[in-house]
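Have a look at the structure below, then the notes.
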C-alpha cells in the first residue's frame, strides 16, 4: 500500500508593530484590542485561520495567528431578480425579463434559480467570486488592524500624520516564510525586527514566522508576558532572600512591571533604617507607587530597610544602577518624613475647617459640606440599622473626620494615601480603633478588597450613596460608556459591600430619608428622579454581579422585576430560584403560576368569597392557598432598613428554596382547577370569584419573581 501523502501544515502569521517605548497601560490595551479585532477582520476578508494570540512589550505589539489558509474562501452573493411569473412564460421558457436580468448579472439564463420567498416565488442569480491569495489580502487587513488601535493619548508624526501611542519604527509581517507586502505609518513591513535596545541593538532577521519568539529571545526579549512575570517573581524572591527577607509582590505593581521590561532582572537595594519610623503604609506607597519598587519584609511581616527593583537588562553596571535607585529613594523618603512630621503638628480635628476651601465640584459643593452630610447620614443609618449607641457614635465620628486627611501635606504629595493616612493619623491622635479603621476603609472596595470592619463598611456605603444622591440631584447623568464622576463605580461598591455583609436595608426608603435630611430644599420632582436614578444604577450593578456569579440572565431579570430595593434579599431570591430551576419540580410549579398569571388581568382587584365556591376543585385550591405563605421578603413594604437574622446569604437563599419547594404543593390543585372549572364563567360574580382565587396564586409568587 503506498504511503499517505503528508498533510501540508498551514502557515503561521506574525505581525509586529515596533515602536518607541510604550506606556505600560497602552501596550497592554493595544495587545488586547488587536487580539479582539483580528478574528473578525480575518472573517470579513474570508480567510480561515486557527488560534489568535497577541502580546506586547514596551517596544512592540505582536499578533500571531496559527493555521492560516493560503487562499481566501470564494465570495458568494445572491441577487434577487424579477418574480418567477414574469421571468418565465407559461410553457417554462425564459422571458426577456429573465434574459435581461441574467445578462446584467453576468450569468447564463440556465444558471438562474427559482426560490420561494414570503413575497412569492422569485428568480435569483448566484454570483461567485473566487478567493485570492491570502498573502495579498493581508496587505490590506494588517494595516487596517494597526490603524484601528485606539489609545487615550496618541501622537501624530511623519508625512502620513498617523495617530499612535508612540512613533512606529519597524514592521514585521510574515506568512510562514513569505513577507506580507504592506505599509503603515510610512514604514514598509519586512522580516527585520529588533531585540533589547541595549543588550541586542543590531537588527534581527526572522526567516520564518514559526521561529519569531525564539529569534526575539536570542535578542534578549521575552515576548510572553507570563514568562516575564515568572522571571520577575523568581528573581525578586532570590534578591530579597539574599537581603534576608521576602518581597511584597503587590499584584498591580507586578502586572505593571511586566509591561515595563523586556528582559527583567531583579536586584535589591537598601535605605537608612531610621526611615522605618515612618508608618508602614507611607513606606510601601513611596516604594510601590512612586518608584515601582517592591517592599521587603521579614518572617514576622515587619518591613526591612530593603527594596527590590527590576531593571530592563542584565547584570552589567548593576552596582551603579543600585546606587542610583538608593539615592532616589532616599530623597523620596526624606520628603515623606518631612510631610509626616509637619502633619503631626495638628490633629485631624483641627483640619476640618480647611475643608471649606476644598471644592468637590461646583454643583456638589465643598468637602466641608460633604462631611456635614455624611455626619447626618451616619446618625440616620445608625437609627435605621438599630446600631447600639457606641457603634453609632463611632460611625458619626468617622464621618466627621473622613475627609480631614485630604488637606494634609502627605495626601497632597501622595494622593494614593487618602483614607489610609487618615486612619494612621486618627490612631496617633488617640481616636477609637473602629474610627481609625473606618477612615482607612471608606474608599473600599478596591479590586477584591472589601471593608472588614462594621463601621468601615457603613462609612464606605454612606460615602458612595451620598455621591450618587447628590450628583443625580444636581442633574448629573450617566450615559453610554461615559461615567466621568464614578457613579457606576460607586453603585458597584455599594452592591459589593451589601452582598458581602448580607446587609438587609431597603435602599429606596433610606435614600428618600437621606435626601430629606441632607437636601431638604430639593423639589419633589428632582428628589424622585435622584432616588429612581440611584436605585436604577444599583439595580444594574446587582444584575451584572448576579450574572457574573453564574445565574442566568432571565432568572435575574425575573427576580429584579419583582423588586430590588433590598439588594441582599434580591440576591437571595436569585440564588434560590436559580438553584430551584434545576430541580424537576420547577417546571410544574412554573406552569401552575404561569397559567394563573396569564388569565388574571393586570389591574384585577378582588377578594375570594368562600361561600361562592361551588366546585370541589375551587375549595381544594382555596384550602391549599390557606396553608401557604407569601414568598416576598418580610416587612418589604416598610421601613428604611432592617437588620438580618440570617448568618449569611446561604441561609436566606436556602430558606427561599425550601419555600419554593413547599409551593409545589399548589401544582396539583391548580391543574385540577383549570381542568374541572371554567374560569371565565358567564355569571360575573362566579367569574370574579374564580379570578380572585387565581389572583391569590399569583400574589404568592409575585413578590419573589415575575
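Please treat every number below as a calculation from the coordinates, not as lab data. Quick caveat: nothing in here was measured; it's all calculated off a predicted structure. Cβ: placed from backbone, ideal geometry, glycine included. Neighbour counts: every protein chain shown.
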Computed E for residue 532/residue 299 - FRET, C-beta separation, R0 51 angstrom, nearest 0.05: 0.40
Packing rank of 561-570, 435-444, 507-516, 323-332, where each peptide gets the mean count of other beta carbons within 10 Å, highest leading: 435-444, 561-570, 507-516, 323-332
Label-point gap, in nm, between residue 386 and residue 177 - each point 7 angstrom along Cα→Cβ: 8.2
Please report Rg over Rh for region 348-548, where both radii come from the alpha carbon positions and Rh follows the Kirkwood definition. 0.94
Residues in region 301-340 reached by a label modelled at residue 290 [backbone nitrogen below 12 Å; 7 Å Cα→Cβ]: 328-340
For region 7-52 and region 124-139, what is the separation of their Cα centres, given in Å? 22
Packing rank of 691-698, 39-46, 75-82, 397-404, where each peptide gets the mean count of other beta carbons within 10 Å, highest leading: 397-404, 691-698, 39-46, 75-82
Measuring from the lowest to the highest alpha carbon on each principal axis, how far does region 27-82 reach, largest first, in angstroms? 59, 22, 14
Given points 7 Å out from each Cα along the Cα-Cβ axis, report the residue 241 to residue 362 separation in nanometres with one decimal. 6.0
Which of rounded, prolate, oblate describes region 75-129, given a ≥ b ≥ c as roots of the alpha-carbon gyration tensor eigenvalues and a/c under 1.5 marking rounded, otherwise prolate only if a/b is larger than b/c? oblate
Burial ordering of 454, 483, 523, fewest other beta-carbon atoms within 10 Å first: 523, 483, 454
If R₀ is 25 angstrom, what is the calculated FRET efficiency for the pair residue 113 and residue 40, using the beta carbon separation as r and rounding to 0.05? 0.25
In Å, what Kirkwood hydrodynamic radius results for the chain from the alpha-carbon pair distances? 31.9
Can you work out D for region 225-343 in µm² s⁻¹ from Stokes-Einstein, where Rh is the Kirkwood radius over C-alpha pairs, the temperature is 10 °C and the viscosity is 1.306 mPa s? 110
Of all alpha-carbon pairs in region 21-143, indicate the percentage at a distance above 26 angstrom. 49
For the residue pair residue 412 and residue 53, what label-to-label distance in nm results when each label sits 7 Å from Cα along the Cα-to-beta-carbon direction? 5.1
What full-extension length gain, to one decimal in nm, is calculated for residue 605 and residue 326 as 0.36 nm per residue of separation minus the Cα-Cα distance? 92.6 nm
Would you mind pulling out the separation of the Cα centroids of region 651-698 and region 302-354, in Å? 70
With r defined as the distance between the Cβ atoms of residue 150 and residue 127 and R0 fixed at 25 Å, what FRET efficiency is calculated, to the nearest 0.05? 0.10
For region 388-449 and region 470-512, what is the separation of their C-alpha centers, rounded to whole Å? 21
Using per-residue counts of other Cβ atoms within 10 Å, averaged over each peptide, order 190-203, 19-32 from highest down. 19-32, 190-203
Give the percent of DSSP beta bridges with both residues in the chain that are antiparallel, rounded to the nearest 5. 95
Assuming 0.36 nm per residue, please report the length gained on full extension of the stretch residue 549 to residue 136 beyond their Cα-Cα distance. 144.2 nm
